[in-house]
């Protein structure tokens with residue numbers, strides 16, 4: 001590691017000031033599970049680290065009056081994964097966020113790793129990156145020039161990285177209220193349990209009053225530098241009720257859309273292409289099943 | 001350089017450290033608790049796992065300053081004292097040195113039920129990964145006192161053992177889970 005100075009601000013305002021004072025070499029450290037690995041390799045060489053460990057406002061989650069779910073950016077995966085044990089249980093399809101948080105990396109890494117840290121690291125293989133785009137989350141940031149809200153799909157640069165400006169801090173991840181979707185399912189494939197995803201896929205469905213799919217989002221991650229929305233595949237879902245045959249077919253549509261055969265020239269790419277088809281199919285089937293269970297139950 | 005304090009196994013340790021000091025380095029080089037092992041230094045092998053305020057972390061991927069002022073438990077904190085000095089433990093003398101394994105865990109100076117189970121089930125060969133395995137499994141079994149074998153395997157997904165093939169480690173975890181169950185609730189506060 002290159003030498004750096006270390007700061008532990010007590011509040012968000014102080015953190016913003018510190019980042020501004022230390023200039024472009026300053027970087028935020030939340031859990032540090034990605035950043036420290038990069039620093040050891042000297043891929044990241046911050047001159048100052050501003051830790052968010054003591055900024056209590058950035059941890060935990062709450063439901064707003066409109067029913068949206070706001071998760072503090074420095075909330076750890078471990079806290080999210082144990083959401084059912086804490087004061088604010090997650091409801092409906094929001095539990096899929098906890099399920100994803102509890103099934104990535106390994107147990108000790110989840111203790112430190114944070115949802116916002118993963119988003120800012122913007123590694124396309126990270127599950128949370130795919131999930132926030134898939135669920136059309138909004139990301140709140142604060143910087144010296146004030147705050148702004150960025151839609152998840154616009155937060156990630158298509159060529160990699162984020163649109164965060166130097167000195168800007170991600171503070172909140174906001175998910176739609178319950179009625180935003182009827183069913184959500186996240187699927188991924190990795191070689192070993194603690195590996196990052198080789199392909200991840202999410203299907204988020206909203207059913208209309210007639211029980212048919214009114215709105216669908218199909219998202220594929222880990223294949224390109226940023227998550228990709230498979231809009232053709234999603235359009236195929238709208239207006240119908242997917243059968244087992246449809247899920248397989250639409251999976252193949254998504255594979256053609258995200259990674260066409262002519263681009264899949266290496267064995268890894270060909271494998272990813274196959275995985276897209278299978279995982280999107282599974283995500284559609286599972287989200288649809290959940291959508292029906294939720295609608296029937298409510 | 002910054003001055004910081006950590007409570008390690010109940011003892012306060014204060015030192016002036018370089019900002020780059022990892023928690024692992026603080027524990028081993030500053031505080032001298034060498035039971036926590038440096039395996040891969042890139043958060044893969046899990047040999048460096050310790051508890052910080054009761055939550056398991058890989059100490060090679062945390063800066064000491066990130067957890068300044070907090071309370072750390074290393075493998076040395078599992079059993080407050082050894083049953084007997086190491087040099088006395090030979091195959092022949094084991095029976096005399098240790099109390100019967102069934103009685104272990106009953107007193108403060110005994111082995112932790114997990115340590116006793118690792119001994120009984122032969123869950124270590126070279127022993128390098130053992131401190132990390134013990135700490136991760138302690139944390140896990142306190143959360144989930146009745147795991148299945150598959151769940152145990154998943155819990156130690158971030159710990160690498162090159163000797164045992166994991167079979168005996170899972171055996172030991174299942175055995176320890178049984179012994180830990182009645183005391184799981186108070187232990188969770190520690």
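Largest GNM mean-square fluctuation across A:262, A:168, A:54, computed for chain A with C-alpha springs under 10 Å, falls on A:262.
Which of A:129, A:142, A:100 comes first, and how do the rest follow, when ranked by fewest Cβ neighbours within 10 Å? Please report the intermediate quantities before stating the final value.
On the way: A:129 26, A:142 18, A:100 22.
Fewest to most other Cβ atoms nearby, the residues stand as A:142, A:100, A:129.
Averaged over every viewing direction, what's the projected area of the C-alpha convex hull for the stretch A:181-297? Give it in nm², one decimal, please.
Numbers: hull surface 29.4 nm².
For the Cα atoms of the stretch A:181-297, the hull's average projected area reads 7.3 nm².
In this simple spin-label approximation, residue A:62 and residue A:195 carry label points 7 Å from Cα along the Cα→Cβ vector, and these lie 4.2 nm apart. Projecting the alpha carbon convex hull of the stretch B:2-77 along each direction and taking the average yields 4.1 nm².
Residues within the reach of a label modelled at residue A:241 (point 7 angstrom out along Cα to beta-carbon, backbone nitrogen below 17 Å), restricted to the stretch A:187-221, are A:205-215.
Report the calculated FRET efficiency for residue B:151 and residue A:47 (r = Cβ-Cβ distance, R0 = 51 Å), to the nearest 0.05. With R0 = 51 Å, the Cβ-Cβ based efficiency is 0.70. Each of residue A:140 and residue B:125 was given a label point 7 Å from its Cα along the Cα-to-Cβ line. The distance between the two points is 5.4 nm. Extension gain for the segment residue B:53 to residue B:167, taken as residue separation times 0.36 nm less the Cα-Cα distance, is 38.0 nm to one decimal. Between residue A:54 and residue A:214, the modelled label-to-label distance comes to 4.9 nm, taking each label 7 Å out from Cα in the direction of the beta carbon.
Taking Cα centroids, how far is the stretch A:89-163 from the stretch B:21-53 in Å? Measuring centre to centre over Cα atoms gives 29 Å. Length gained on full extension, residue A:20 to residue A:179: 53.3 nm, using 0.36 nm per residue less the C-alpha separation.
Taking 0.36 nm per residue of separation and subtracting the Cα-Cα distance, what length does fully extending residue A:231 through residue A:95 add? If you can, show how the numbers build up before the last one.
Numbers: separation 136, 0.36 × 136 = 48.96 nm, distance 2.48 nm.
The span from residue A:231 to residue A:95 would gain 46.5 nm if fully extended.
Inter-chain neighbour count for B:49-62: the average number of beta-carbon atoms from partner chains within 10 Å of each residue's beta-carbon is 5.
Using only helices, what value at 222 nm comes out for chain A when you add -39,500 (n - 2.57) per DSSP H run of length 4 or more and divide by the total residues, to the nearest 500 deg cm²/dmol?
Numbers: 11 runs with 107 residues, N = 298.
Theoretical 222 nm ellipticity from helices: -10500 deg cm²/dmol.
Taking Cα atoms only, the orientation of helix A:267-297 departs from the longest principal axis of chain A by about 80 degrees.
What number, in nm² with one decimal, is the all-direction average of the projected area of the convex hull of the alpha-carbon atoms of the protein assembly as shown? The partial results should precede the final answer.
Values: hull surface 99.0 nm².
Value for the protein assembly as shown: 24.7 nm².
When a/c is below 1.5 the answer is rounded, else prolate if a/b is larger than b/c, else oblate, so apply that to the stretch A:5-51 with a ≥ b ≥ c taken from the square roots of the Cα gyration tensor eigenvalues.
Note, shape of the stretch A:5-51 comes out oblate.
Using only the alpha-carbon atoms, how far is helix A:12-22 inclined from the longest principal axis of chain A? Give it as 0 to 90 degrees, nearest 10. For helix A:12-22, the angle is close to 70 degrees. Taking the stretch B:46-72 and a reference point 7 angstrom along Cα→Cβ of residue B:2, the backbone N atoms nearer than 14 Å belong to B:62-70.
For the options A:270, A:286, A:110, a Gaussian network treatment of chain A with springs between C-alpha atoms closer than 10 Å singles out A:270 as fluctuating the most. Between residue B:40 and residue A:249, the FRET efficiency estimated from the beta carbon spacing at R0 = 45 angstrom works out to 0.55.
With contacts taken as Cα pairs under 8 Å and at least 6 residues apart, chain A reaches a relative contact order of 15 percent.
No value in this document is a laboratory result; all are computed from the given coordinates. Note that the structure is a prediction, hence the values are computed from the model and not measured. Every residue, glycine among them, receives a Cβ derived from its backbone with ideal geometry; neighbour counts consider all protein chains shown.
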